[in-house]
Amino acid sequence: QLDHFPKLFRDITQKGYEKKRSKLIGAYFPQTPGMDPSLSQERRTPVTSSSSSRYHRRRSSGSRDERYRSDVHTEAVQAALAKHKEKKMAVPMPSKRRSLVVQTSMDTYTPPEGDGEEEDGEGGGGTSSRAGSLSMEHWISRAIHSTSSTTTTTSSAASSSSSSTHSGGSGAASGRLADVLAQHVHISNHSAPPDVTSYTNITANTTTDGIQVDKAPGAGTTAQKQTPKYGNAELMETGDGVPVSSRVSAKIQQLVNTLKRPKRPPLREFFVDDFEELLEVQQPDPNVPKAEGAEVVTMAGEQLGVVTNWPPSLEAALQRWGTISPKAPCLTTMDTNGKPLYVLTYGKLWSRSVKVAYNLLHKLGTKQEPLVRPGDRVALVFPNNDPAAFMTAFYGCLLAEVVPVPIEVPLTRKDAGSQQIGFLLGSCGVTVALTSDACHKGLPKSSTGEIPQFKGWPKVLWCVAESKHLSKPPRDWFPHIKEANQDTAYIEYKTCKDGGVLGVTVMRIAMLTHCQTLTQSCAYTEAETIVNVLDFKKDVGLWHAVLTSVMNMMHVISIPYALMKVNPLSWIQKVCQYKAKVAFVKSRDMHWALVAHRDQRDINLSSLRMLVVADGANPWSISSCDSFLNVFQTKGLRPEVICPCASSPEALTVAIRRPLDEGCAPPGRGVLSMLGLSHGVIRVDSEEKLSVLTLQDVGMVMPGGLMCTVKPEGIPVLCKTDEIGELCVCTVATGTSYYGLAGMTKNTFEVYPVCNSGTPISEFPFTRTGLLGFIGPAGLIFVAGKMDGLMVVGGRRHNADDIVATALAVEPMKFVYRGRIAVFSIPVLHDERIVVVAEQRPDSTEEDSFQWMSRVLQAIDSIHQVGVYCLALVPSNTLPKTPLGGIHLSETKQLFLEGALHPCNVLMCPHTCVTNLPKPRQKQPEIGPASVMVGNLVSGKRIAQASGRDLGQIEDNDQARKFLFLSEVLQWRAQTTPDHVLYTLLNSRGTIYSSLTCVQLHKRAEKIAAMLAERGHLQDGDHVALVYPPGVDLIVAFYGCLYAGCVPITVRPPHPQNIATTLPTVKMIVEVSQSVCVMTTQVILKLLRSKEASAAVDVRSWPPVMDTDDLPKKKPPLLYKPSNPDTLAYLDFSVSTTGMLAGVKMSHTATSAFCRSIKLQCELYPSREVAICLDPYCGLGFVLWCLCSVYSGHQSILIPPSELEVNPSLWLSAVSQYKVRDTFCSYSVMELCTKGLGLQTDSLKSRGVDLSRVRTCVVVAEERPRIALTQSFSKLFKDLGLHPRAVSTSFGCRVNLAICLQGTSGPDPTTVFVDMRALRHDRVRLVERGSPHSLPLMESGKILPGVRIIIANPETKGPMGESHLGEIWVQSGHNASGYFTVYGDESLQSDHFNSRLSFGDTQTIWARTGYLGFLRRTELTDASGDRHDALYVVGALEEAMELRGMRYHPIDIETSVIRTHKSITECAVFTWTNLLVVVVELDGSEQEALDLVPLVTNVVLEEHYLIVGVVVVVDIGVIPINSRGEKQRMHLRDGFLADQLDPIYVAYNM
């Protein structure tokens, strides 16, 4: 390969770089022929001579956050992705509605503020090169002898940097090289040059082009001609590369193909469960690296030298300097132009602090009742550009002996995190807030000019602590200055991982000792000048620039954040201008200085003896340090000046690197294996790995301190030497408690580390620092991460910062808007799951986002060997920010979990991540014929059988019993009680629209019969379709058919607004039922002949249609009397929820038995009135509407459900007005009332609606009772007098239209709670109410008289024991006699209507309902005095979904999903090719659509142990619902697969 380089590049640096590069990523490349194998064996050390000009010509625009910058890491990521290229993954791209894609372009201006400052630096780190120094066999041994030149190569080459400044000749060479490489090496390139800033230490010739070529083997090259697609850029290509259309079914196929690929974790971590389905933790892998070293020895810092002239307290120091040298400068502040704004002298600081102290103690409140007393806490609210005002207020508090609590300025009432700060202030009992004049003016005010109370804040008095607003203290008043004691000096706030804010209290003695340790370790001398860029209110900025500076009378040059935004070089300019000795920065400030640096002539950094890197403990700060040194070494910056330090709010300064003497060997570095780190052990990286973390030391333990490392969780046991643990320190100079939280304080500030033997190592308590790391050779401290960023996934530890770094190294890097990425974990199904949220640039396309997302997944997978559960992209600038502009992590996590993050793209990967699901179930053979059956016991359980009252036993004066046929009953009633009203139909206004007496019905039915005979020339037994709206015409036509000897079929008329979908069903029923004629009204007749109708169906093939509006005057010669009661009375057609059309045959005998059964159960007599609000086309609804009144003689008040859409209160008003005691409705009616009248109960009450007379309100249903709906209905209308016991349900199905019906007497329906997990295994396990995974089931009413039920195993047909789940089988006089099908599918019929048990009672013939349920004997007694058997319906067999060997009922999953977010109004689930598809209706803006995807996935995993394959978000009303209010899931499925739903968003989970 080297032959292609022009001679001049083949220098030692190139080789050093190549060697390192090939070591790092060689394993991922096929060996190219002709590649010199000796290359990777060379062991020469690169020479370094830095050239800043070269750095510039290839600066990036700084668009990416460089906290996590590292070239070798970037390259490692690219190589890992290239490896993935071989095995293409086809991920179906989510489909999105157009309106969702168009996004407002946020302003693209990117000021160089990186991520803003971070609260505790959780994001404020620089970035290390992941490759570390030349990979040493044992860096530990090398670290001690490393020579000065080795370290400088660490931030390895500019592999991925790019520049378009190709000059002619060598540009072509680089192009050639790229082409050669493209043939041999499978590198994936992106067409646009990756915009990456890389600081390089490759110091070959200074010509830019020379370096340009060395990147060709790296990640991207401009000269490449063809652009191979990256990772899974084959978005829409199936596995074999064949393009597919974006139709849903094709996408699902893709998803299935992708999911078929083996997952990384082998399935051995699944466990076999008997029942408890505890999700097993993964079995420990024997090959996991374990710590093998000796136990850690406690490291002691040097002695804290007690210098004679150190002041006894900070206030004493201030007094000393304020009086001895009042003119000495203490603090110089800058304006936004970089001009000195103000110089605060020690004299001024002293006099103003005294003034503040006096005013605090004497001018607030009254003389008798001062508002503030010594020891009280006071909030300090100062902006970042006013350190002088802050300092005077802070020292004023110290002098007054009150405790300052510095906090951020709340900008608005609902700042992210400001309410948690309010809680802290409240718990500290803060009543006064000191602030500056400018800040006070800027606070939000109400119309009266008062500052409103911020959310979560206590009521505070705002005081401006500036001189002109304060009273002068009397001549004789002096503050009381004591030696530093155990009193609290100040409270520093700290934001936790969960967003809570804690106050760390620091005692006066700790504050002073800390200043002494800093003075000693930084070798501060009097009157030194120091430059501070950090936040002076907390952490390193406060400790050095406010406290230690005053102790040593130093001069602080303070650079406000606003100036850094405008001029990132300002701090360097100030160091030169003031010849400062020490500067305090974060790695971000170094990075922005590099980006802005233009080879300025006048920069000279030779005055600096210490450049303290405040976030040096962040592993990713290392490359900023290296790059900065590289560029500024020519400007007089000495390598030994860079001093990283480690700190934490609890332990203050944990360690700091001391300024070395010139010419010392710089300290070594650790190149650690990420895999080892994830198992908590230190392993020097074996060379071929890509996943490495390079660490720099943060110096030694502080003077006078002790340090050890303990295990992060559990008892604080000392770690071994090769183990990562939490650093703990024992010194005076730490915080002492979390204010007001004794328990947490004990676990953090009062830790007694123990040896393995269990004995404590010291009698003094240690403080946990919250930093993870180890003590290296020569007592150097290394920090590998923070406890707060720790995510434990599947037993391995990952650091959020490391994952951010990997995500940022993915091309195209500038995809992420200003590097804003949040990484956190959420608990789902007993493990932490990683979530990555990134802001995308305003100009990125859908394609970009999706490609970037798939690459990030692959990169994190390769480098960290961990799956990402959810990757979400949000528009730029939308993540919640911390006061200094960083991402507010806990707030982001909160929004994500609440479904309020509003991402614009989401990719969930539950299939990849979730490996701890319970093992799929293998079916166990149930009780077979071989099991012992004694009497009525099966295997020791009572057989599950029950029956209603026996029809033969009941003596009642039922006159109708003597007639075999309903037509005869009607004739008898027309003679005996001609004027008794049977039916009253109400219109939407609640007035009577029409009514029928016995004789009117009889007369009109005769006319219909005459018309059938005359016009239709019909024979006995011909089938007639009745297409009528709900009303009396339907009833008349029905009896007319019976009088004529025809068989009626009631059919719901087509919907005028929706002919295209409703008419085909009508046509189908007419055809399947073999109707020879259709009877209807004139209005519907016109509809059937309309243009729309002919577009929907073939109109010519209709049988003759007759309208019955004008009936003939004459009577038929003779009324038909059937010869045999077992002949057909009518056909009942219904479309099941799965979309099957099934007609059942009802004989005359069954019809009469049915009516009699209902009459007895509901105690119906001619004097009764019953209100019916049901659709009269099939099932029990039809029987109640058309048949029961004729049989029992009671009056039926008919209320068409469609009228309720106009007037929701119609049904309840009618029930009240007619003083009805029994009423029947459907779930859709009940839902309409609950939703439509929820807020109107008061107005209904005032109109006199009274439901107290209702004793039964029965919901007619063919499904499991919807408890939530019936309960909310009962609760809602309790105010109108409705008795909760009145509401109940019935249950019927195709083989028997009514099995249970609550009726009037008998015990109330009972509710039991069953374990949902057991139910999936077809078992019933009763649990207590409210226990986890419990599901409430209500019994479906009492079993009707004449009905027998048994529970049988649907597979083996054996009888089941009591409280076992099985299929409900029924035997009764009113069973249907079979299916009516054209196709004569007899096998289906015989099975459903004529089944026998496989053992036990094998003689009885049963009908199979197709529903799963169980029987349970209750403690209650029924009317006959026996114990009452309750039937609980669980769900239809044909609806149930078989997934992972378990049986799921859609309604259970849907209930969970609807609960997850307020915007989900309805949900339906179905399966497709073993994938679970969840469709949710969104009631809200389309922006919320993507919020639902993670929530839906989470809840189904947590509650059902299922992984959702596809989440579809649709508009309200898309999920089809039939007249009974049941979801038509199969219609929905067909619509989805045919691309007809117009979904807002479809997410395919990976």
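The values are calculated or read from the model by the stated rules, or taken from the named source; none is laboratory data. Keep in mind that this is a model prediction, so the values were computed, not measured. So basically every Cβ, Gly included, is an ideal-geometry build from the backbone, and we count neighbours across all protein chains shown. Each accessible area value is taken on the protein alone, full model and side chains, heavy atoms only, with ligands, DNA and RNA left out. Shrake-Rupley method; radii C 1.70, N 1.55, O 1.52, S 1.80 Å.
At-a-glance table
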| quantity | calculated |
| --- | --- |
| Debye log10 I(q)/I(0) for the stretch 1478-1521, one point scatterer per Cα, at q = 0.13, 0.14, 0.25, 0.27 Å⁻¹ | -0.29, -0.34, -0.89, -0.96 |
| Percent accessible area from carbon and sulfur atoms, the stretch 682-840, protein chains only, probe 1.4 Å | 60 |
| Positive minus negative residues near Thr1256 (Lys, Arg vs Asp, Glu; Cβ under 12 Å) | +3 |
| Kirkwood-type radius of the stretch 1205-1280, with distances r between different C-alpha atoms, in Å | 12.6 |
| Cα→Cβ-extended label distance, 7 Å offset, between Thr759 and Gln1019, nm | 10.9 |
| Accessible area (Å², 1.4 Å probe, nearest 10) - Lys581 | 80 |
| Cys397, Cys913, reordered so the largest accessible area comes first (probe 1.4 Å) | Cys913, Cys397 |
| Extension gain, Ser351 back to Asp487 (0.36 nm per residue minus Cα-Cα distance, nm) | 46.6 nm |
| Solvent-accessible area, 1.4 Å probe, carbon plus sulfur percent, for the stretch 1020-1129 | 56 |
| Under the Debye formula (equal points on every Cα, no solvent term), log10 I(q)/I(0) of the stretch 983-1062 at q = 0.17, 0.18 Å⁻¹ | -0.75, -0.81 |
| With all protein chains modelled, accessible area of Ile1521 [1.4 Å, Å²] | 90 |
| Under Karplus coefficients 6.51, -1.76 and 1.60, residue-wise ³J(HN,Hα) of the stretch 724-734 in Hz, glycine/proline x | 8, x, 8, 6, 10, 10, 10, 6, 5, 7, 9 |
| Dipole moment magnitude, nearest 20 debye, the stretch 292-358 about Cα centre, only Lys, Arg, Asp, Glu C-beta charged | 800 |
| Accessible area expressed per residue, the stretch 303-367, with surrounding protein chains retained (probe 1.4 Å, Å²) | 49 |
| Asp1098-Leu897 FRET efficiency (beta carbon distance; Förster radius 51 Å; 0.05 resolution) | 0.40 |
| Dipole magnitude of the stretch 708-792, debye to nearest 20 (Cβ charges: Lys/Arg +1, Asp/Glu -1, about Cα centre) | 60 |
| Accessible surface of the stretch 391-546 [probe 1.4 Å, protein heavy atoms]: carbon and sulfur percent | 53 |
| Fraction of beta bridges assigned by DSSP in the stretch 708-825 that are antiparallel (%, nearest 5) | 95 |
| The stretch 1141-1226: C-alpha gyration tensor shape, a/c 1.5 cut-off, then a/b vs b/c | oblate |
| His514 - accessible surface, heavy atoms, 1.4 Å probe, Å² rounded to 10 | 10 |
| Rule-of-thumb Rg ratio for the stretch 308-378 [Cα; 2.2 N^0.38 Å; N residues] | 1.44 |
| Alpha carbon centroid spacing (whole Å) that separates the stretch 811-836 from the stretch 975-1032 | 69 |
| For the stretch 1414-1550, accessible area per residue (1.4 Å probe, heavy atoms of protein chains only), Å² | 31 |
| Whole-number percent relative contact order across the stretch 456-579, with pairs defined as alpha carbons under 8 Å at least 6 apart | 17 |
| Under Karplus coefficients 6.51, -1.76 and 1.60, residue-wise ³J(HN,Hα) of the stretch 1529-1545 in Hz, glycine/proline x | 5, 6, 4, 4, 4, 4, x, 5, 5, 8, 6, 9, 8, 6, x, 6, 7 |
| Subset of Lys1145/Lys1357; Lys1115/Lys1145; Lys441/Lys537; Lys1159/Lys1219; Lys574/Lys814 violating a 22 Å alpha-carbon distance limit | Lys1145/Lys1357; Lys1115/Lys1145; Lys574/Lys814 |
| Sequence of Ser967, Ser1485, Ser737 when ordered by accessible area, the most exposed leading, probe 1.4 angstrom | Ser1485, Ser737, Ser967 |
| Mean accessible surface per residue for the stretch 1167-1322, computed with a 1.4 Å probe while every protein chain stays in place, in Å² | 29 |
| Part-to-part distance (alpha-carbon centres) for the stretch 1083-1133 and the stretch 577-595, which is given in Å | 92 |
| Accessible area in the full protein assembly, largest first, 1.4 Å probe, for Phe963, Phe478, Phe1536 | Phe478, Phe963, Phe1536 |
| Hypothetical label at Val792: residues of the stretch 698-715 whose amide nitrogen lies under 15 Å (7 Å Cα-Cβ projection) | 710-715 |
| Under 5 Å, built H, 5+ apart or other chain: amide partners of Glu528 | His555 |
| Euclidean distance between Cα centres, the stretch 505-537 to the stretch 1471-1505, Å | 54 |
